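A short write-up of the structure that comes next.
The values are calculated or read from the model by the stated rules, or taken from the named source; none is laboratory data. No experiment lies behind these values; they were computed from the predicted model shown. When we count neighbours, we look across all protein chains shown, and the Cβ atoms used for this are built from the backbone with ideal geometry, even at glycine. Surface accessibility is based on the protein's heavy atoms, side chains included, excluding ligands, DNA and RNA. Shrake-Rupley method; radii C 1.70, N 1.55, O 1.52, S 1.80 Å.
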Amino acid sequence: MEVYREILPQSYLLILTESEPEDLTPLSYALRLASRSGKNSIWIDCSHLPKMPFSVLRVLVRYYRRLRVRNISLVLCHVGDATHQQMAKLPTTLCPPVVPSLLDAERYCQTAHPVSHRTRRAA
């Protein structure tokens with residue numbers, strides 16, 4: 001996995017891309033940097049990741065729980081149908097919010113949300 005990082009005025013953007021072999025070190029490193037950046041929101045762009053491996057989802061869920069305690073938002077956007085189906089199997093409170101676009105991520109982070117909120121696609 002390759003992770004591209006972009007520091008934005010109000011958030012920290014991570015763009016995930018697929019690569020072989022599946023090494024989660026870049027993702028963990030990027031999330032660690034983002035969480036220490038002083039930004040109050042982290043956006044994860046999954047548009048270059050056709051299907052999210054469960055191991056990646058597990059890392060994102062772990063960081064989502066950690067960041068939630070520190071009042072830092074972690075929001076996923078451009079998530080594919082296969083990933084939506086995979087996330088639907090998990091308890092809603094475990095999963096980061098999913099929004100359609102980066103603009104929606106910005107709007108989401110500007111408003112207060114309950115901890116357990118997550119948008120779901122209609123089946």
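Side notes on the structure shown:
- Total residues in the stretch 86-110, condition open to solvent by 40 Å² or more (accessible area, probe 1.4 Å), within 13 Å of the chain's Cα centre (by Cα) and more than 15 Å from S11 (Cα to Cα): 2
- When residues of the stretch 69-85 are limited to those that are closer than 19 Å to P50 by Cα and in a loop (DSSP other than H, G, I, E, B), the one most open to solvent (accessible area, probe 1.4 Å): H78
- Once the stretch 1-25 is narrowed to residues that are assigned to a loop (DSSP other than H, G, I, E, B) and open to solvent by less than 90 Å² (accessible area, probe 1.4 Å), the residue that is nearest to R58 (Cα to Cα) is L24.
- Where a residue in the stretch 20-39 is within 22 Å of R70 (Cβ to Cβ) and its partner, wherever it lies, is surrounded by 11 or more Cβ atoms within 10 Å (Cβ to Cβ) and basic (K, R), with Cβ under 6 Å and at least six apart: A30/R5
- Selection from the stretch 35-68 of residues that are of a type in the set (A, V, I, L, M, F, W, C) and either open to solvent by 50 Å² or more (accessible area, probe 1.4 Å) or under 13 Å from M1 (Cα atoms) (or both): C46, L49, M52, F54, V56, L57, V59
- D45 vs. criteria assigned to a strand (DSSP E or B) and not small (G, A, S): yes
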